[in-house]
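The values are calculated or read from the model by the stated rules, or taken from the named source; none is laboratory data. Predicted model, so just to flag it, every value in this text is computed and none were measured. Here the Cβ is made from the backbone with ideal geometry for all residues, glycine too, and neighbour counts use every protein chain on show.
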Amino acid sequence: MTNLTHWSPADRLLHQFVAGTPRGSVNAGDALLRPRVDIHEETDRYVLHADLPGVKKEDLNVEVEGDQLILKATREQHAKEEGKSIHSERHQRIQYLRSFSLGDSVDPDKIEGNLADGVLRLILPKRDRALPRRIQVG
């Protein structure tokens with residue numbers, strides 16, 4: 001059992017991981033968004049899904065810094081087209097930024113992920129010492 005605590009079972013993992021959003025600079029006309037995530041626990045790992053609509057793999061950066069997992073992504077809007085006048089209420093550039101505290105239970109060297117259909121899926125394997133052990137009593 002990890003040191004995860006929260007009010008409801010559905011939210012307790014998210015509570016442990018969420019460390020806030022790092023502050024960054026945003027240009028005028030840009031939007032800074034915190035992507036929504038789902039995190040669930042399995043016996044040997046955590047699985048994180050983050051909504052990143054319209055983000056391409058080359059515009060996504062996932063890194064571990066200390067005990068922080070940091071997600072950064074950018075989505076460019078192209079409101080201007082050659083020879084066309086377009087009225088757009090959408091931001092020209094959207095930056096997604098979110099960080100999570102990994103704690104002691106996650107092995108950062110074994111994290112894997114993929115991005116498909118606007119959803120980032122990260123597999124966060126637990127360290128061996130965080131896995132449940134059955135103790136044989138004689």
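Here are a few things to note about the model shown:
- You will find that of Lys56, Lys80, the residue that is modelled with pLDDT of 85 or more and of a type in the set (Lys, Arg) is Lys56 and no other.
- Tally, over segment 91-138, of residues that are assigned to a strand (DSSP E or B), over 17 Å from Asn61 (Cβ atoms) and more than 17 Å from the chain's Cα centre (by Cα): 0
- Conditions (1) modelled with pLDDT under 90; (2) among the small types (Gly, Ala, Ser); (3) under 14 Å from Leu124 (Cβ atoms); number of the one not met by Gly24: (3)
- Test for Asp67: is it surrounded by fewer than 16 Cβ atoms within 10 Å (Cβ to Cβ) and either at negative phi or at pLDDT below 95 (or both): yes
- Members of segment 105-138 found to be surrounded by 12 or more Cβ atoms within 10 Å (Cβ to Cβ) and either without any contact (Cβ under 8 Å) to a residue 24 or more places away in the chain or farther than 12 Å from Val47 by Cα (or both), listed by number: Ser105, Asp107, Pro108, Lys110, Leu115, Gly118, Val119, Arg127, Ala130, Leu131
- Selection of segment 33-61 for residues being touching a residue at least 60 places away in the same chain (Cβ under 8 Å), surrounded by fewer than 17 Cβ atoms within 10 Å (Cβ to Cβ) and closer than 15 Å to Val106 by Cβ yields Thr43, Asp44, Val47.
- Checklist (1) over 13 Å from the mean Cα position of the chain (by Cα); (2) of a type outside the set (A, V, I, L, M); (3) under 18 Å from Pro132 (Cα atoms); (4) modelled with pLDDT of 90 or more applied to Tyr46, failing item: (1)
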